[in-house]
Amino acid sequence: MAAWENPVHQVALRGVRMDAQTRCAHYHSLIDVIALKHPCCATFYPCHLCHGELAGHEAMPWPADRFDEPAVLCGVCSALLSPAAYIEADSCPNCQALFNPGCKSHLHLYFEMETGA
Ligand SMILES: [Zn+2]
Ligand SMILES: [Zn+2]
Ligand SMILES: [Zn+2]
């Protein structure tokens, strides 16, 4: 197992075999270009599996009362989005990089969702 810390982005960011656009060993298609901040350790990870392998503790979803804080990193342009903005967006509002629509099916892993969807 190898962890990369990525100096391109000016945030605490770790992932398993992560590339410069925050694709990781688990999610590495063209559009897997975001990393998500975890409130348990205030660190961005490309996915929940990276957190599971590297963090050594249980992941906490981002709390619903903090959805206006920057917790989503665009791996293409380093823009920080709030979860509220990310959930509404199909692509990065700053660089127009497309986001993987498949991520939306497991938002509850990263964000405290009222519906649990
Ligand atoms: Zn954590
Ligand atoms: Zn991963
Ligand atoms: Zn972007």
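The stretch between Glu114 and Asn100, if pulled fully straight at 0.36 nm per residue, gains 2.9 nm over its current Cα-Cα span.
Decide, for the stretch 8-89, between rounded, prolate and oblate: order the square roots of the alpha carbon gyration tensor eigenvalues as a ≥ b ≥ c, take rounded if a/c falls under 1.5, and otherwise choose prolate if a/b is larger than b/c, else oblate.
oblate
Selection among Tyr45, Leu30, Leu109 by position relative to the dipole of the chain gives Leu30 as farthest towards the positive end (Cβ unit charges, Cα centre).
Over the stretch 13-53, the fraction of Cα-Cα pairs per 10 Å bin, rounded to whole percents and listed from the shortest bin up, is 37, 55, 8.
Since every read-out is calculated from the coordinates, none of them should be taken as a lab result. Computed from a predicted structure; not experimentally measured. Backbone-built Cβ (ideal geometry, glycine too); neighbour counts: all protein chains shown.
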